[in-house]
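**Student:** Here it is, the structure, as structure tokens.
The values are calculated or read from the model by the stated rules, or taken from the named source; none is laboratory data. It should be emphasised that the depicted structure is a prediction, and the values quoted were computed from it without experimental measurement. Here the Cβ positions follow ideal geometry from the backbone for every residue, glycine too, while neighbour counts run over all protein chains shown.
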Amino acid sequence: MDVSSSEDLSSLEDSLGYTFKKKSRLKEALTHKSYAHEKAKENTSFNERVEFLGDAVLELIVSEYLFNSYPDFTEADLSRIKAYAVQESTLAQTAKDLDIGLYLLLGKGEEMTGGRNKASLLADALEAVLAAIYLDGGYKNAREFILKHLTSKIDELAATNFIFDFKTKLQEVAQAQYGVLPRYVIHKEEGPEHKKTFEVKVFIKDDFLGSGKGKTKKAAAQKAAEKGLNMIREKNETNI
């Protein structure tokens, strides 16, 4: 779909619940680098830079909401809920609900391989749209936009005392994709006996996936598992 017309942009703005002062900001947020490369002579801007900003704005909005809404939750609880709320699959589903995929500007190759439905592209586009709203209308409008779509998910997790078990998830992924279990190694112990900090590394076979630090071995292993899952996602360019 070509979103160059004001009519098409207005349809998406209705879905987003925000009307842009500068339509070019929204168009940039919807432009994938594959499209820009095909239009190199036109010096077309694409969404990687604004996606970078959107990621930071998203983290702040969700962190602020959690901090103010759940004063009795520990830092670890808040971090786990935030990790789920901003993960690729959550953002991609939100983008689908808003029909953002229909409006993406993609190169021919990306179009042919189903780019409009790729979780990674949709999640990036949502973050880029968030940044575009932030740049166009300020933090208040950006906050209202993202919380409108994520608040119910966040509150549901909090109500069920949700804690994401990264170790269990990594075990499932490792068995499914590699046929082995992850291997955790205590790499370092620091500090006095009553206030130790542990660093744990995780491997699949002999491949190092990531490390994590924590006040307990269990907490450190959870963080290492989270890093491992992120590495597998990046390597395979897929959602797990």
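**Student:** Name the one entry in Tyr134, Tyr84 that is closer than 21 Å to Arg25 by Cβ and either assigned to a loop (DSSP other than H, G, I, E, B) or of a type in the set (Phe, Trp, Tyr) (or both).
**Tutor:** Tyr134
**Student:** Oh, and also: Is there a residue in the range 28-40 that is touching a His at 6+ places or on another chain (Cβ under 7 Å) and either surrounded by 14 or more Cβ atoms within 10 Å (Cβ to Cβ) or closer than 12 Å to Val129 by Cα (or both)?
**Tutor:** Taking every residue of the range 28-40 in turn, none turns out to be touching a His at 6+ places or on another chain (Cβ under 7 Å) and either surrounded by 14 or more Cβ atoms within 10 Å (Cβ to Cβ) or closer than 12 Å to Val129 by Cα (or both).
**Student:** Among the residues of the range 172-183, which ones are assigned to a helix (DSSP H, G or I) and either on the phi > 0 side of the Ramachandran plot or touching a helix residue (DSSP H, G or I) at 6+ places or on another chain (Cβ under 8 Å) (or both)?
**Tutor:** The answer is Val173, Gln177.
A quick yes/no check of all residues on (1) in contact (Cβ under 8 Å) with a residue 12 or more places away in the chain; (2) in a helix (DSSP H, G or I); (3) among the aliphatic types (A, V, I, L, M):
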position	(1), (2), (3)
Val50	yes, yes, yes
Leu53	yes, yes, yes
Glu59	yes, yes, no
Phe67	no, yes, no
Phe73	yes, no, no
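**Student:** Looking at Lys223, Lys227, Lys235, Lys195, can you tell me which residue is within 30 Å of Val50 (Cα to Cα), loosely packed, with under 13 Cβ neighbours inside 10 Å and charged (D, E, K, R)?
**Tutor:** Lys235
**Student:** Applying the selection to the range 91-138, what residues are of a type in the set (S, T, N, Q), modelled with pLDDT under 90 and under 17 Å from the mean Cα position of the chain (by Cα)?
**Tutor:** Residues satisfying the conditions are Asn117, Ser120.
**Student:** Cβ contacts < 6 Å: first residue more than 18 Å from Leu170 (Cα to Cα), restricted to the range 186-207; second residue among the aromatic types (Phe, Trp, Tyr), any location; separation 6+ or different chain. Result?
**Tutor:** The qualifying pairs are Glu189/Phe198.
**Student:** Name every residue in the range 42-89 that is surrounded by fewer than 18 Cβ atoms within 10 Å (Cβ to Cβ) and among the β-branched types (Val, Ile, Thr), in order of residue number.
**Tutor:** Thr44, Thr74
**Student:** Exactly one of these conditions fails for Leu157: (1) over 18 Å from Arg233 (Cβ atoms); (2) surrounded by fewer than 12 Cβ atoms within 10 Å (Cβ to Cβ). Give me its number.
**Tutor:** (2)
**Student:** Ser152: assigned to a strand (DSSP E or B) and polar (S, T, N, Q), yes or no?
**Tutor:** Judged against the criteria, Ser152 is not a match.
**Student:** Could I ask something else about it? Using beta carbons and a limit of 7 Å, which pairs, at least six apart or on different chains, have the first residue in the range 29-40 and under 13 Å from Ala125 (Cα atoms) and the second one at pLDDT below 75?
**Tutor:** Once the first residue is under 13 Å from Ala125 (Cα atoms) and sits in the range 29-40, its partners that are at pLDDT below 75 give Leu30/Val3; Thr31/Thr44; Thr31/Ser45.
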